[in-house]
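What follows is a set of notes on a single structure, which appears directly below.
The values are calculated or read from the model by the stated rules, or taken from the named source; none is laboratory data. Please read these numbers as outputs of a predicted model, since none were measured by experiment. Cβ coordinates were reconstructed from backbone atoms using ideal geometry, including for glycine residues, and neighbour counts include every protein chain displayed. Just so you know, the surface numbers come from the protein's heavy atoms only, side chains and all, with ligands and any DNA or RNA stripped out. Shrake-Rupley method; radii C 1.70, N 1.55, O 1.52, S 1.80 Å.
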Amino acid sequence: MPMDPDWKVWHRNPRKPSYQPPEGAVDAHCHIFGPEEQFPYAPERKYTPCTGSKDDLFALRDHLGFSRNVIVQASCHGRYNEALIDGLKAAGDLARGIAVVDNTISEEELQLMHEAGVRGVRFNFVRRLVDPKPREHYEQIIEKIAPLGWHIIVYIEAADFAEQVPFLQNLPVTVVFDHMARPDVSKGVDHPDFEAFVSLMEDEKFWTKVSCPERLTKQGGSHENYSDVIPFMKRLVDAYPDRVLWGTDWPHPNMKSHVPDDGQLVELLPLIADTEDKRLKLLVHNPMKLYWS
Ligand code: 0GY
């Protein structure tokens, strides 16, 4: 099945970033797509991407000066985690994974995933990506993964956020938000909607990725600096330096406006985390604590 006609292929020649990440830095949000001949996409997927193989991902990791990856199962692979597991096994200790599972998954299957490096599951509430599931679906998964010490990552958009908050607050595991729960940056960093998210984060069970300026920006055609998104990322790093993660989001699924240069995304890091101490936490200590300890 060819990729969608409007699919934007990831940047083939990202710049070598002028900012060099610290030794041991982790790209804590990225994906593997296919190759489809080896790892077919899920029949129920909402999009068909271009290939973004494990070898492509590891080459990008090295090019950007990173050491490790946290690979997140993308919705185009549904609950078929084979490409993810293959990538984790190939990376050895240099990658950890977030899987997508069904509520019928067995203990044995979860144990095998754990041995391959999976440390959590993703709950994706974004309707354009995944059909909604009943609450019990998620509760049954939590019961199964909690004994393994796994956490969940949550992909949700601002419009659906309030509805899920009580459920998320009551979960007995750590909850990591993808892309700051996708704020509407046109409202400004001081808007009550974003303040509500910042306040929610006071609960130590919550972590957030400060990621995806390319997806959240409203700057239209001029994406030189993503300056409308940086204050949101910085606000969270300043408030919660011990519970933030950063990732490229390579190969950048469903980007419509432009294809980001991953080297440029890395160059934003000193603006997001403005001291060496904050950058060490964001890129090394925090992901190592959550995924490698
Ligand atoms: C992201 C964002 C997107 C897609 C997925 O699982 C996915 O398909 O995560 C998106 O389309 O916004 O985090 O990669």
Over 24 Å between Cα atoms, which of Lys16/Lys218; Lys8/Lys289; Lys205/Lys234; Lys89/Lys289; Lys205/Lys281 qualify?
-> Lys16/Lys218; Lys8/Lys289
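Summarise the accessible area of the chain (1.4 Å probe, protein heavy atoms) by the percent that is carbon and sulfur.
Percent of accessible area from carbon and sulfur atoms in the chain: 50.
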Could you work out the helix-only [θ] at 222 nm for the chain, with each DSSP H run of four or more residues adding -39,500 (n - 2.57) and the total divided by the number of residues, to the nearest 500 deg cm²/dmol?
-> -9000 deg cm²/dmol
Cβ-based charge dipole, the range 26-292, positive-most Cα from Ala158, Val72, Tyr41 = Ala158
Return the single residue from Ile153, Ile145, Ile105 with maximal mean-square fluctuation; model: Gaussian network over the chain, springs between Cα atoms under 10 Å.
-> Ile105
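I need the semi-axes of the equivalent ellipsoid of the range 26-292: take the C-alpha gyration tensor, multiply each eigenvalue by 5, square-root it, list largest first in whole angstrom.
Values: eigenvalues 133, 96, 70 Å².
Computed over the range 26-292, the values are 26, 22, 19 Å.
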In the range 133-152, which residues have a backbone nitrogen under 19 Å from the label point lying 7 Å from Glu115's Cα in the Cα-to-Cβ direction?
-> 145, 147-150
Diffing the range 118-124: the Karplus 3J(HN,Hα) column from phi (6.51, -1.76, 1.60, θ = phi - 60°), in whole Hz with x for Gly and Pro, holds 6, 10, x, 10, 9, 9, 9
At the level of C-alpha centres, the distance separating the range 75-117 and the range 160-204, in angstrom, is 27
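What trypsin sites (Lys or Arg not before Pro) does the range 1-73 have in DSSP loop regions with at most 12 other beta carbons within 10 Å?
Details: sites: Lys8, Arg12, Arg15, Arg45, Lys46, Lys54, Arg61, Arg68; in loops: Lys8, Arg12, Arg15, Arg45, Lys46.
Here the sparse-neighbourhood loop sites are Arg12.
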Starting from the amide H of Ile153, placed 1.01 Å from N in the peptide plane, find each other amide H under 5 Å away whose residue is 5 or more places distant or on another chain.
-> Val121, Arg122, Phe123, Val176
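Kindly provide the trypsin sites (Lys or Arg not before Pro) of the range 162-255 that DSSP labels as loop, not H, G, I, E or B, and whose Cβ sees at most 14 other Cβ atoms within 10 Å.
On the way: sites: Lys187, Lys205, Lys209, Arg215, Lys218, Lys234, Arg235, Arg243; in loops: Lys205, Lys218, Arg243.
Answer by residue number: Lys218.
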With all protein chains modelled, accessible area of Asp131 [1.4 Å, Å²] = 90
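What's the longest bit of the chain with no exposed GluC sites (Glu not before Pro), using DSSP loop states and at most 16 other Cβ atoms within 10 Å as the test? Don't skip to the end; give the middle numbers.
Working: sites that count: Glu23, Glu37, Glu44, Glu157, Glu202, Glu204, Glu224.
Longest gap between qualifying sites, sites excluded: 45-156.
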When the dipole is taken about the Cα centre of the range 26-292, and only Lys, Arg (+1) and Asp, Glu (-1) are charged at their Cβ, what size is it in debye, to the nearest 20?
-> 120
Taking every Cα atom in the range 212-293, find the radius of gyration and the maximum pairwise distance Dmax, and write them in Å.
-> 13.2, 42
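Please compute, over every Cα-Cα pair in the range 54-104, the percentage with a separation greater than 19 angstrom. Don't skip to the answer; put the middle values down first.
Details: 335 of 1275 pairs.
So the portion of pairs separated by more than 19 Å is 26 percent.
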Cleavage-rule hits, trypsin sites (Lys or Arg not before Pro), the range 245-293, DSSP coil, Cβ neighbours within 10 Å at most 14 | Lys256
Under 5 Å from the placed amide H of Ala28, counting only residues 5+ away or on other chains, we find Val70, Trp246, Gly247, Thr248
Give the dimensionless ratio obtained when the Cα radius of gyration of the range 24-120 is divided by 2.2 N^0.38 Å.
-> 1.04
Nearest 0.05, what FRET efficiency do Asp274 and His63 give at R0 = 22 Å with Cβ-Cβ as r?
-> 0.35
Taking just the C-alpha trace of the range 124-241, give me its Rg and Dmax in Å.
-> 15.0, 47
